[in-house]
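Accompanying notes for the structure given below.
The values are calculated or read from the model by the stated rules, or taken from the named source; none is laboratory data. All values reported here derive from a predicted model rather than from experimental measurement. Here the Cβ is made from the backbone with ideal geometry for all residues, glycine too, and neighbour counts use every protein chain on show.
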Amino acid sequence: MRSEEENFIKIHSEFRLNDEAHTVDSLKALATQYRNQEEQYLKAIGSFILDWLDDKDFVEVQTSGSTGKAKKISIQKSAMAKSALATAKHFDVFQKTKALLCLPAEYIAGKMMLVRALTLGWHLDMVKPQSKPLKNINQSYDFCAMTPFQLEGSLSKVHLLSTLIVGGGAISLPLKNKLQGFDTAIYETYGMTETVTHIAVRRVNPKEAIASAIPFTTLSNVRLEQDKRGCLVINAPAVSKQAVVTNDLVKLLNDTQFMWLGRVDNVINSGGVKLYPEQIEHKLGSIIKTNFFIAGIQDDLLGERVALFVEQEEAFSFNSKTELEGVLDAYEIPKFIYTLARFERTPNGKIQRKQTIKNALNQKR
């Protein structure tokens, strides 16, 4: 049975999917067809729509597994509808918004694009999730969501989007530099499955300001704290009855704004000096133009040493030590460099750091 708080419309009268209007019955029939297709992205879309339209108060959602073992959690449908409304209010994307779904519906970001369309009355088109989702797109859209990996492959056509939100990982400095000058309003998002996607956003291509200095600002009815570790604690009663304690180290500016520093579980302890990989990555972004990340490698003397992992075919090296000293402190300079032709990624494009590191170390044996 539906609880009293779930007085939301499961299908808005203005909802369109690939230009077609639907009743509950016609949408169920279409979703059943999708679920029986061979294409995995269609199966996922069909399965979620059928879950959304059933009599249960919740849906089961799989976490991405980028920072740990993937798991299933239950999320109230009312929380998903409230999250959709918060997005609509923040970006002014209500009924008849023309939107594009290019994320896999197995995960929360793709599911929420469907929920927004269904509950807000969007006109939603969908394409197969891939690294270049706009490859065959020749029309304009009001709203879209992508991963940084997809954005990198969409630069030649990103002008077709009025508003783009980017999640599933931080946007690198080289990519941010490429985004300056576009009329498209591009936002980096902060959130997770447990918070029903983003609870905070920041624009990365402002006309006036330095993108890297802009803090994340929460959506409405979200308040922030820090725990004793310096990690972010999220109070978002509309989507979670309990506070969500994260492993994200932040500089908290006030109860609605913060600067993200990195993951507490990624911190490198090298001879008693704590180093933040994400901060080193930000600095290196000015001189490394391909995909890379920083991590700690075990060391008998110092406990851990800084290592650089680069994604490209040929072996990577810096032009000179001076080049590194110009952007990094002495303790931050990588002691080891591992070059891999391909990083391990989750199905939705997130880099799996632990598995990639394991592959690199095995490769060197």
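For LYS28, the criteria (1) within 18 Å of THR193 (Cβ to Cβ); (2) over 21 Å from the mean Cα position of the chain (by Cα); (3) of a type in the set (Lys, Arg) hold in every case but one, which is (1). Does THR256 satisfy being farther than 30 Å from GLU314 by Cβ, assigned by TED's automatic domain parsing to the domain that holds LYS89, β-branched (Val, Ile, Thr) and within 18 Å of the chain's Cα centre (by Cα)? Answer is no for this residue.
When each of LYS111, LYS96, LYS82 is tested for being touching an Asp or Glu at 6+ places or on another chain (Cβ under 8 Å) and either of a type in the set (S, T, N, Q) or outside any strand (DSSP E or B) (or both), the lone residue that passes is LYS96. If a residue must be at negative phi and in contact with a strand residue (DSSP E or B) (Cβ under 7 Å, 6 or more places away or on another chain), how many such residues does the range 16-32 contain? Here the count works out to 2.
Out of LEU284, LEU302, LEU253, LEU261, one residue alone is of a type in the set (A, V, I, L, M) and either in contact with a Phe, Trp or Tyr (Cβ under 6 Å, 6 or more places away or on another chain) or on the phi > 0 side of the Ramachandran plot (or both). It is LEU261. From the list VAL310, VAL306, pick out the single residue that is of a type outside the set (Ser, Thr, Tyr), in contact with a helix residue (DSSP H, G or I) (Cβ under 8 Å, 6 or more places away or on another chain) and within 22 Å of LEU173 (Cα to Cα). VAL306 is the lone residue from the list that is of a type outside the set (Ser, Thr, Tyr), in contact with a helix residue (DSSP H, G or I) (Cβ under 8 Å, 6 or more places away or on another chain) and within 22 Å of LEU173 (Cα to Cα). Any residue in the range 117-132 that is surrounded by 19 or more Cβ atoms within 10 Å (Cβ to Cβ), part of a loop (DSSP other than H, G, I, E, B) and at positive phi? Yes. Checked against (1) of a type in the set (Gly, Ala, Ser); (2) surrounded by 18 or more Cβ atoms within 10 Å (Cβ to Cβ); (3) in contact with a helix residue (DSSP H, G or I) (Cβ under 8 Å, 6 or more places away or on another chain), ALA200 meets all criteria but (3). In the range 301-313, is there at least one residue being out of contact with any Ser or Thr (no Cβ under 7 Å at 6 or more places or on another chain), in a loop (DSSP other than H, G, I, E, B) and closer than 24 Å to ALA213 by Cβ? Checked the range 301-313: no residue is out of contact with any Ser or Thr (no Cβ under 7 Å at 6 or more places or on another chain), in a loop (DSSP other than H, G, I, E, B) and closer than 24 Å to ALA213 by Cβ.
Of the residues contained in the range 267-289, none is found to be under 23 Å from the mean Cα position of the chain (by Cα), polar (S, T, N, Q), in a loop (DSSP other than H, G, I, E, B) and buried (at least 18 other Cβ atoms within 10 Å of the Cβ). Evaluation of GLU323 against the conditions (1) out of contact with any helix residue (DSSP H, G or I) (no Cβ under 9 Å at 6 or more places or on another chain); (2) surrounded by 14 or more Cβ atoms within 10 Å (Cβ to Cβ); (3) part of a helix (DSSP H, G or I); (4) free of Cβ contacts under 8 Å to residues at least 60 places away in the same chain shows that the sole unmet condition is (2). For GLU225, the stated conditions do not hold, so it cannot be described as of a type in the set (Asp, Glu), modelled with pLDDT under 95 and surrounded by fewer than 22 Cβ atoms within 10 Å (Cβ to Cβ).
Among the criteria (1) over 16 Å from the mean Cα position of the chain (by Cα); (2) part of a strand (DSSP E or B); (3) of a type in the set (D, E, K, R), the one ARG229 does not fulfil is (2). Of everything in the range 246-264 that is under 18 Å from HIS198 (Cβ atoms) and β-branched (Val, Ile, Thr), the residue that is surrounded by the most Cβ atoms within 10 Å (Cβ to Cβ) is VAL250. For beta carbons closer than 9 Å, sequence separation of 6+ or different chains, a first residue in the range 230-259 that is more than 19 Å from GLN76 (Cα to Cα) and a second that is in a loop (DSSP other than H, G, I, E, B) and small (Gly, Ala, Ser), the qualifying pairs are VAL233/ALA243; LEU249/GLY230; VAL250/GLY230; LYS251/GLY230; LEU252/GLY230. For the range 161-174, a residue qualifies if it is buried (at least 20 other Cβ atoms within 10 Å of the Cβ) and within 15 Å of the chain's Cα centre (by Cα), and the qualifying residues are LEU164, ILE165, VAL166, GLY167, GLY168, ILE171, SER172.
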